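**Q** I have a structure here, written as structure tokens, and I will follow up with some questions on it.
The values are calculated or read from the model by the stated rules, or taken from the named source; none is laboratory data. These numbers come from a predicted model, not from an experiment. All Cβ positions, glycine included, derive from the backbone under ideal geometry; neighbour counts span all protein chains shown. Protein only, heavy atoms only, side chains kept; ligands, DNA and RNA dropped before computing areas. Shrake-Rupley method; radii C 1.70, N 1.55, O 1.52, S 1.80 Å.
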Amino acid sequence: MNVISIQSQVAYGHVGNSAAVFPLQMHGIDVIAVPTTLLSNRPGYPTLRGRVLDAKFVGELLQGIEERGAVDSASMILSGYLGSAEIAGVVADFVERAKVRNPALRYALDPVLGDRDRGLFVQADIPPLVRDRLCALADIITPNHFEFEWLCGAKASTIDQVIAQARALMARAPSTIVITSAELADTRDGEIDSLAVERARAWRVRTPKLPISPNGTGDLFAALTVSARVLGKDTPAALSHAASAIFAVLERTAARATEEMRIVESAEQLVHPKRRFEAVPYLAKS
């Protein structure tokens, strides 16, 4: 079981591949990690060293793993923060080639574009490429609520609106859309929703909302979702697992009062969370 994970990489902290690789490995999955950035730490600290990598260099890394047979043995490609429009194009080209070479290969797109607090935080030419090229190649996409609305071009404040817009977005190819950090009209105080939508079914899982908001939670959620799917879990089981495991990590992080997620300390609960939150089927109103 191999996953090719194409994301940012930081030396300090847990975002991008630095949040995704260890959880995938804890599930017994080999990870071929390809960086799109090499940074000392995530933005938000007083200093930041390193840089977004050159798109040609990222392309060479992807070509190199192709030459080693990584595409033939992989179950899933996962992409996250891309860093530049040129890298987005390189990744799209790679996914296109990989799917031709290995028709069983699935592609999970975590469209790292922004959030409700900051709006879009990537270069302005990246979001259209993600929407128009990468979404068309994806089997699974895992946007947060803000990113989902941006990709759809419309607000979604109720679960029925989310389901309708998700199914419209599926016309571009994804068969499964998982929306994280959803705050809807009927989301209860002190809770947060995550939703999974397919063409004929939808599910919702609610977890307590903790008083922290560390960076990298979307990267971790995508990795946990991919881990479950690669291991053969269906969509509701994968949603339940991801929601339960990330809650365990965030609960530990809140207890430690640290800025960075306590992923390694939570190693056992990444695979076997003590508290399980079940995804519940939802029928959209006609």
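**Q** Could you work out how much longer the chain between Lys155 and Glu96 gets when fully extended? Use 0.36 nm per residue separation minus the Cα distance between them, nm to one decimal.
**A** Details: separation 59, 0.36 × 59 = 21.24 nm, distance 3.05 nm.
Residue separation times 0.36 nm, minus the Cα-Cα distance, leaves 18.2 nm.
**Q** Express the carbon and sulfur contribution to the solvent-accessible surface of the range 1-113 as a percent, rounded to the nearest whole number, probe 1.4 angstrom. Write out the running numbers ahead of the final one.
**A** Details: 2520 of 4610 Å².
Percent of accessible area from carbon and sulfur atoms in the range 1-113: 55.
**Q** Check which residues have an amide H placed less than 5 Å from Leu78's amide H, if you skip close sequence neighbours.
**A** Long-range HN contacts for Leu78: Ile4, Ser5, Ile6, Ala108.
**Q** Report the charge-dipole magnitude of the range 195-286 in Debye, nearest 20, computed about the Cα centre from +1 at each Lys and Arg Cβ and -1 at each Asp and Glu Cβ. Mind dumping the intermediate values first?
**A** On the way: 14 positive and 9 negative charges, 88 e Å.
That gives the range 195-286 a dipole magnitude of about 420 debye.
**Q** For the range 192-286, with all protein chains present and a 1.4 Å probe, just round the carbon and sulfur fraction of the accessible area to a whole percent. Walk me through the numbers before you get to the answer.
**A** Values: 2250 of 4330 Å².
About 52 percent, which is the carbon plus sulfur part of the accessible surface.
**Q** Taking every Cα atom in the range 86-137, find the radius of gyration and the maximum pairwise distance Dmax, and write them in Å.
**A** 12.5, 40
**Q** Could you tell me which of rounded, prolate or oblate describes the chain, using a ≥ b ≥ c as the square roots of the eigenvalues of the alpha-carbon gyration tensor, with rounded for a/c under 1.5 and, failing that, prolate when a/b is larger than b/c and oblate otherwise?
**A** Details: a/c = 1.36, a/b = 1.17, b/c = 1.16.
Since a/c stays below 1.5, the shape of the chain is classed as rounded.
**Q** Whole angstrom only: what separates the Cα centroid of the range 118-148 from the Cα centroid of the range 239-270?
**A** With the range 118-148 and the range 239-270 each reduced to a Cα centre, they are spaced 25 Å.
**Q** Report, in debye and to the nearest 20, how large the dipole of the chain comes out about its Cα centre when Lys and Arg carry +1 and Asp and Glu carry -1 on their Cβ.
**A** On the way: 31 positive and 32 negative charges, 88 e Å.
Using Cβ point charges on Lys, Arg, Asp and Glu, the chain gives about 420 debye.
**Q** Which residue, chosen from Leu39, Leu109, Gly69, occupies the Cα position most advanced towards the positive end of the dipole of the range 1-110, where the dipole is computed from +1 (Lys, Arg) and -1 (Asp, Glu) charges on Cβ about the Cα centre?
**A** Leu39
**Q** Please label the shape of the range 70-111 as rounded, prolate or oblate, based on the square roots a ≥ b ≥ c of the eigenvalues of the alpha-carbon gyration tensor (a/c under 1.5 means rounded; beyond that, a/b larger than b/c means prolate, else oblate).
**A** Values: a/c = 2.69, a/b = 1.71, b/c = 1.57.
Verdict is prolate for the range 70-111.
**Q** On to the next question. At 25 °C and 0.890 mPa s, grab the translational diffusion coefficient of the range 23-82 from Stokes-Einstein with a Kirkwood Rh over Cα pairs, rounded to a whole number in µm² per second.
**A** Numbers: Rh = 13.5 Å.
In µm²/s, the coefficient rounds to 181.
**Q** Here's a follow-up. Taking only protein heavy atoms and a 1.4 Å probe, what accessible area per residue, in Å², does the range 165-286 have with all protein chains in place? Kindly include the intermediate steps, with their values, before the conclusion.
**A** Values: 5550 Å² over 122 residues.
Each residue of the range 165-286 exposes 45 Å² on average to a 1.4 Å probe.
**Q** In what sequence, highest mean first, do 134-140, 173-179 appear when ranked by Cβ atoms within 10 angstrom? Before the final figure, lay out each step's value.
**A** Values: 134-140: 20.6, 173-179: 23.0.
Ranked from most to least packed, the peptides come out as 173-179, 134-140.
**Q** Further question on the same structure: Exposed loop sites here are trypsin sites (Lys or Arg not before Pro) in DSSP loop states with at most 16 other C-beta atoms within 10 Å. What is the longest stretch of the chain lacking them?
**A** Working: sites that count: Arg49, Arg68, Arg116, Arg118, Lys155, Arg188, Arg199, Arg201, Lys233, Lys274, Arg275, Arg276, Lys285.
Counting at most 16 other Cβ atoms within 10 Å as exposed, the longest clean stretch of the chain is 1-48.
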